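Visitor: One structure is given below, represented as structure tokens, and several questions about it will come after.
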Amino acid sequence: MKIFSESHKTVFVVDHCPYMAESCRQHVEFDMLVKNRTQGIIPLAPISKSLWTCSVESSMEYCRIMYDIFPFKKLLMAALAAVGPPNPRADPECCSILHGLVAAVETLCKITEYQHEARTLLMENAERVGNRGRIICITNAKSDSHVRMLEDCVQETIHEHNKLAANSDHLMQIQKCELVLIHTYPVGEDSLVSDRTKKELSPVLTSEVHSVRAGRHLATKLNILVQQHFDLASTTITNIPMKEEQHANTSANYDVELLHHKDAHVDFLKSGDNHLSGSSREGSFKETITLKWCTPRTNNIELHYCTGAYRISPVDVNSRPSSCLTNFLLNGRSVLLEQPRKSGSKVISHMLSSHGGEIFLHVLSSSRSILEDPPSISEGCGGRVTDYRITDFGEFMRENRLTPFLDPRYKIDGSLEIPLERAKDQLEKHTRYWPMIISQTTIFNMQAVVPLASVIVKESLTEEDVLNCQKTIYNLVDMERKNDPLPISTVGTRGKGPKRDEQYRIMWNELETLVRAHINNSEKHQRVLECLMACRSKPPEEEERKKRGRKREDKEDKSEKAVKDYEQEKSWQDSERLKGILERGKEELAEAEIIKDSPDSPEPPNKKPLVEMDETPPVEKSKGPVSLLSLWSNRINTANSRKHQEFAGRLNSVNNRAELYQHLKEENGMETTENGKASRQ
């Protein structure tokens, strides 16, 4: 069916009653020549627009934005130019908005040029061409009951004209109509009509009510509605450098808001980047994405490849920043736009450029190019993941391949089984529990669990399948009894990882999760779960054995800790003992020096050494490191050597030389002098 959306036909109905000639009470300063005014001239009074003028201007702004972005295949009624302002002296009873609503319904029933082309192409199936439209009615309602009366009028009119269109070749029945009622009133007054969200009045008609003050508030509301009706989005270009009019040598940065189709932001939505920022404008709140201005580049060949181009329309088309930006782009220049980032390198995501006198917002790919090699499977979300179950996934794909289905099959209830639905059902069963990463599973890394994991996903089990599953469970129980190790991943953990009891607890929990995911498949699946739960509930003697094992492990841990503590205490005591010995040795050496130096002191008696140890000859100085024991032994030997009676010849010697055999020289008559000395042998 060739469906035309409600946006294909949009009809504006603007109330032309005398009340619309009243002022909106939002003043506009008309006399702006304040500095050059001649003395004595009374300034001009400010002016204000009428409700009719505000409504027409807002409607035209709605049309301008729509035509800028969708110049083709969109229709708007263009009869406002031929209608003058409302007459404030006219009789209100002679003016009714109902005539305009009836004319709007008649317009929606007419066949447009594009609908006629679609019906010509479909020929015999011309009735498959859809007819939908939207009516935007701007009026000043008296109350909520008045609004309901207008809605009833539109609903009845659609019903009557659909009957006429059914018997006509030049009219089409309205399949869906959106009625947007906008109640506008002067600034400063209270609204007599309540807002209401979209409500379905009948299968053909939906209605929504907006109560808006006149002036710029009405223009803002129409700006928001055009975005909702035509799937538009807002982008604000920031930091646009622009020279000041009064000071040509200085420049300032400005912002310009642009409207375009929302598909220009689809990359932001896919990547999850939140660049939306809210802007409050005249009491309303709207979302916009902010992009920063980059240095213009004239050579478009150097730019990144483009994934989309969308027409743009400035929100404030008459402002100086918007005008300067538009003229800059229409002169053949291009501007790159980057995403605002607090840190890291800048990311250029969009570009503004003109083609054939129209300005487009180009979407530049900021991710991996489709022309490059595909990414590695190890590059997962959140960083590189290198332990994907790639081999298991290949086997999973082979088990779920689609093949031609020739022979029809029937379900238990006798209905024909659709092959595609059967394939989807099988895929759903196989993926109820299927961890993607090796470190997140235990049972799928165990060869002993393969028989159970491969058959538990079946829709129905045979007796042999149940026996195989039970044997698998018993084998796991035997492994736990033997305290066999399990393939538990220790990635990201410190130390030895979980203890053996904890490993088996993790394994049993995961196995139970797998079996419970398929418990509703058949009664035999329930038998497998019952066997598993029976094996998990250990007998009392098994629990006692586990407790004894845990106590033994705790005792071993405590004994190891006690040995370590004893070794640390012993080493500390030895160091303290050695330190005390050194201190006492220093005191003994000091006493020996004092006794030796005193000439009147008697020879000190021999004292036993403080530490009993084997006498060792003095150790010569070595260039290498000397042990503490060697240093201590040398000190003790030196102190002890000073405590025995010294040799008489050494006491009377000069420069360690004593005269020997003096009596022999006297007997031989040899002269001896005081200086005659013989070297000590």
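Visitor: Criterion first (within 43 Å of the chain's Cα centre (by Cα), surrounded by 18 or more Cβ atoms within 10 Å (Cβ to Cβ) and modelled with pLDDT under 95) does residue 222 satisfy it?
Guide: When the stated conditions are applied, residue 222 passes them.
Visitor: Considering every residue within the range 303-324, establish whether at least one is assigned to a loop (DSSP other than H, G, I, E, B), surrounded by 14 or more Cβ atoms within 10 Å (Cβ to Cβ) and at pLDDT below 75.
Guide: yes
Visitor: So in the range 432-476, with the set limited to residues that are among the polar types (S, T, N, Q), farther than 22 Å from residue 388 by Cβ and assigned to a helix (DSSP H, G or I), which one is most open to solvent (accessible area, probe 1.4 Å)?
Guide: Among them, the one singled out is 475.
Visitor: Shifting gears a bit: Filter the strands (runs of 3 or more DSSP E) completely within the range 1-85 down to those with at least 2 residues that are farther than 25 Å from residue 154 by Cβ, in contact with a helix residue (DSSP H, G or I) (Cβ under 9 Å, 6 or more places away or on another chain) and at pLDDT 70 or above.
Guide: On the way: elements: 9-14, 23-28, 47-50.
Ranges flagged: 23-28, 47-50.
Visitor: Looking at 135, 158, can you tell me which residue is open to solvent by less than 10 Å² (accessible area, probe 1.4 Å) and within 16 Å of residue 14 (Cα to Cα)? Outline the logic, then answer.
Guide: Numbers: 158 fails: within 16 Å of residue 14 (Cα to Cα).
Answer to the selection: 135.
Visitor: Can you name the condition, by its number, that residue 188 falls short on among (1) farther than 18 Å from residue 9 by Cβ; (2) in a strand (DSSP E or B)?
Guide: For residue 188, the failing item is (2).
Visitor: Please find, among 154, 147, the residue that is touching a strand residue (DSSP E or B) at 6+ places or on another chain (Cβ under 7 Å) and within 20 Å of residue 221 (Cβ to Cβ).
Guide: Unique residue meeting the criteria: 147.
Visitor: Right, something else. Picking from 429, 496, 424, which residue would you name as being modelled with pLDDT under 90, open to solvent by 80 Å² or more (accessible area, probe 1.4 Å) and under 21 Å from residue 392 (Cα atoms)?
Guide: Going through 429, 496, 424 in turn, just one is modelled with pLDDT under 90, open to solvent by 80 Å² or more (accessible area, probe 1.4 Å) and under 21 Å from residue 392 (Cα atoms): 424.
Visitor: Does residue 219 qualify as being farther than 21 Å from residue 137 by Cβ, in contact (Cβ under 8 Å) with a residue 60 or more places away in the chain and not in a strand (DSSP E or B)?
Guide: Criteria not met by residue 219.
Visitor: Let me ask something additional. Answer with yes or no whether residue 281 is at pLDDT 85 or above, among the basic types (Lys, Arg), out of contact with any strand residue (DSSP E or B) (no Cβ under 6 Å at 6 or more places or on another chain) and open to solvent by 50 Å² or more (accessible area, probe 1.4 Å).
Guide: no
The values are calculated or read from the model by the stated rules, or taken from the named source; none is laboratory data. Because the structure is a prediction, the values reported are computed rather than measured. Ideal geometry is used to build each Cβ from the backbone, glycine not excepted, and the neighbour counts take in all protein chains shown. For the accessible areas, the whole protein counts, side chains as well, though only heavy atoms, and no ligand, DNA or RNA atoms are used. Shrake-Rupley method; radii C 1.70, N 1.55, O 1.52, S 1.80 Å.
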